[in-house]
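**Student:** First the structure, which I've put down as structure tokens, then a few questions once you've had a look.
No lab work stands behind these numbers, since they all come straight from the coordinates. On a predicted model such as this, the values are computed, not experimentally measured, just so you know. Here the Cβ positions follow ideal geometry from the backbone for every residue, glycine too, while neighbour counts run over all protein chains shown.
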Amino acid sequence: MATVTSSYDYVVCGSGSAGGVVAARLSEDDNISVLLLEAGPSDLDWPSTHIPAKAASLQRTDIDWNYKCEPQVNGYKALEACFWPRGKVLGGCSSNNFMCFTRCSSVDYDSWAQAGCTGWSWKELLPYFLKTENCKCPKLVGSKFHNTGGPLTIKHRGNQLSDAFIDAGVELGFKQVDVNSGDIIGFGDFPMTIDEDGKRTSVARTYIHPAMERSNLTVLCNAVVTKVNIEDKKVVGVSFRTKEGDKFVKVNKEAIVSGGAVNSPQILMLSGIGPKEHLREIGIDCIADLPVGKNLQDHLNMIVKVSVKEGTEIHTDEYCATGTNPKEGVAFFKTGLEELKTEAPDIQIVHLLGEIPSGPVTSAHVYKDPKFFPLENYDNTSEERMRKIGFSLFICLLHPKSIGEVKLRSNDPLDPPIINPNYLDDPYDVKALIEGIRFAKRVTETKAMASFECKFHCMKIPDGTHDEWSGEHLEQVIRHYARTVYHPTSTCKMAATEDKTAVVDPQLRVLGIQGLRVVDASIMPNVPSGNTNAPAIMIGEKGADLIKIGRQE
């Protein structure tokens, strides 16, 4: 256990994709002291966190918060519970996620800036994306959108199936794109946070461990933050719990809450910052009446499987044997539905080698009834299934209109919060996913894919009697089997100070409280168009600079 002193200039609550970056960057200044608190163990105690192919097996373990959502009225009908894996380990979700590295669309960030988040346009954020990256993708090195000098190695691998997937997109009239260039509508290779030795490049490995060589950074694992202590609307310290009992450290300058879309609102509300009526119900005095926990957004996802002819050389067994990752291609497109009021794409399709299982282990789901199997052997999670000849398509809803909420279950810091994503409440979300499934089928029917003799497996529902491609049938399939793709955001929303939905301002300062910021994916005004890990790391880089600027003012 690290030796903790009585006070620090900065205390960072959470070592995830943003918090780990903040602590590492702040500690670059020898004149300040930084304490980084992590609720879970070190990643070094879990060697499997460094092996990409072990990602699924890390769910529902001691390095997962093991959260469950509330029962969903409109979705998850085939499942007993909606599990929400969240990293509880040094590096947070970057140490146990699926390593997808997409910056999302430039339109996302420009819309934030246009709505009053000064400094958050794509042009202003690109330098922070570049700062994070050590690009080892052969097709991208040398591009103005990529950098080889950052800490976080990204790479991708191609094969004949993923190449055909991209060619299919071109055949359908789409561009082949660099999906991290900001202009992402089209088909392209899928960069991953994996280094040239085939190991996961988490924030723990690339930011935190190198920074721990500095004497001014203290990293304490197995320390659960229970409260930010506030007096006269100013942060004075942070309380946390270890195996040795409750602890308190004084904060000289700022506390930074970086617990993610679930734990950050939980910490704020336990500290008296949140909806006044809700805090009163829980028995917590309200210090600042702010819409903490509101505006919860998450990407919902459908998996379909495609068989190809026997003898196709794709070497999916290599991924099991070497521990690397099978994600190879990705597409972003607009459905054209009138409800989407943005130029950003509304569907993402991820191409994965092998008939990737989606059963109890891989998805961390429990089926209520054995009749709820959308495909033959759909719950088979063995590595043998991964070696099947074929591929899977993840069809992801990028801009859900259904909005959820995170609330406290009680005033006990160890009591898991109430999580209600409110999936599929808005009819648009179902309509967009239906269009995504139909488009994915079109991809498999192109001339580019013809030589593989693709067979698109139709999803099934118990006692289903409808035309399997009718909107009515597909809606029921979606309501039964669509699931989270682990991208919760927006519960501590960033907005202009006069915006009644704001929790933090564009400098990430909690409104009405001195010396307190939130720096993680919870500050996103809206969930962006793609996987959220790269944006969360960018937010860590940007947040660290905002803190440094604040110190100079």
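**Student:** Tally the DSSP beta bridges in the chain and give the antiparallel ones as a percent, rounded to 5. Kindly include the intermediate steps, with their values, before the conclusion.
**Tutor:** Values: 56 of 81 bridges.
Within the chain, antiparallel bridges account for around 70 percent of the total.
**Student:** Follow-up. Find, among the chymotrypsin sites (Phe, Trp or Tyr not before Pro) in the range 406-504, those assigned to loop by DSSP (not H, G, I, E, B) with at most 12 other beta-carbon atoms within 10 angstrom. Kindly include the intermediate steps, with their values, before the conclusion.
**Tutor:** On the way: sites: Tyr423, Tyr428, Phe439, Phe452, Phe456, Trp469, Tyr481, Tyr486; in loops: Tyr423, Phe452, Trp469, Tyr486.
Loop-located and lightly packed - Trp469.
**Student:** What does the highest-first list of 529-537, 289-297 look like by mean Cβ count within 10 Å?
**Tutor:** 529-537, 289-297
**Student:** If you don't mind, there's one more thing I want to ask. Quick one: order Lys136, Lys123, Lys305 by neighbouring beta-carbon count within 10 Å, fewest to most.
**Tutor:** On the way: Lys136 18, Lys123 11, Lys305 24.
The most exposed by this proxy come first: Lys123, Lys136, Lys305.
**Student:** Let me ask you something else. How big is the Kirkwood radius of the range 1-71, worked out from every pair of different alpha carbons and given in Å to one decimal? Spell out each step's value before the answer.
**Tutor:** Details: mean 1/r = 0.0693 Å⁻¹.
Across the range 1-71, the inverse of the average 1/r is 14.4 Å.
**Student:** Also: Given the -39500 (n - 2.57) contribution per DSSP H run of 4+ residues, what per-residue ellipticity at 222 nm results for the chain, rounded to the nearest 500 deg cm²/dmol?
**Tutor:** Calculated at 222 nm, the ellipticity per residue is -6500 deg cm²/dmol.
**Student:** Please identify the GluC sites (Glu not before Pro) of the range 77-145 that satisfy two criteria: DSSP loop assignment and at most 16 other Cβ atoms within 10 Å. Which are they? Don't skip to the answer; put the middle values down first.
**Tutor:** Values: sites: Glu80, Glu124, Glu133; in loops: Glu80.
Within the range 77-145, the qualifying GluC sites (Glu not before Pro) (loop, at most 16 other Cβ atoms within 10 Å) are Glu80.
**Student:** Return Glu339, Glu38 ranked ascending by Cβ neighbour count within 10 Å, so the fewest neighbours appear first. Could the numbers behind the result be given before it?
**Tutor:** Numbers: Glu339 14, Glu38 30.
Ordered by Cβ neighbours within 10 Å, fewest first: Glu339, Glu38.
**Student:** Could I ask something else about it? Strictly greater than 27 Å: what percent of every Cα pair in the range 152-301 meets that?
**Tutor:** Values: 5674 of 11175 pairs.
For the range 152-301, the fraction of Cα-Cα distances above 27 Å is 51 percent.
**Student:** Using every pair of alpha-carbon atoms in the chain, split the distances into 20 Å bins beginning at 0 and state the percent of pairs per bin, rounded to integers.
**Tutor:** Bin by bin from 0 Å, the calculated values are 23, 58, 19, 1.
**Student:** Restricting to the range 216-291, compute how many DSSP beta bridges are antiparallel as a %, nearest 5. Spell out each step's value before the answer.
**Tutor:** Working: 13 of 15 bridges.
Here the antiparallel bridges make up roughly 85 percent for the range 216-291.
**Student:** Once the Cα atoms of helix 427-444 and of the chain are each reduced to a long axis, what angle between those two axes, in degrees from 0 to 90 to the nearest 10, is obtained?
**Tutor:** It is inclined by approximately 50 degrees.
**Student:** Assign unit charges at the C-beta atoms only (+1 for Lys and Arg, -1 for Asp and Glu), then state the dipole size of the chain relative to its Cα centre in Debye, rounded to the nearest 20.
**Tutor:** Numbers: 60 positive and 71 negative charges, 101 e Å.
Computed about the Cα centre, the dipole is about 480 debye.
**Student:** About the Cα centre of the range 141-252, what is the dipole size in debye to 20, counting +1 per Lys and Arg Cβ and -1 per Asp and Glu Cβ, all else neutral? Please list the in-between numbers first.
**Tutor:** Details: 15 positive and 14 negative charges, 158 e Å.
So the magnitude is around 760 debye.
**Student:** Using alpha-carbon pairs under 8 Å, 6+ residues apart, how would you state the relative contact order of the chain in percent?
**Tutor:** Values: 1390 pairs, mean separation 122.7, N = 553.
It comes to 22 percent, rounded to a whole number.
**Student:** Mind listing which GluC sites (Glu not before Pro) in the range 187-278 are in a DSSP loop and have 14 or fewer other Cβ atoms within 10 Å? Display every interim value, and only then the final one.
**Tutor:** Values: sites: Glu196, Glu213, Glu231, Glu244, Glu254, Glu277; in loops: Glu196, Glu213, Glu244.
Answer by residue number: Glu196, Glu213, Glu244.
**Student:** For the range 435-533, build the convex hull from the C-alpha positions and give me its volume per residue in Å³. The partial results should precede the final answer.
**Tutor:** Details: hull volume 16.8 nm³, N = 99.
Looking at the range 435-533, the number lands at 170 Å³ per residue.
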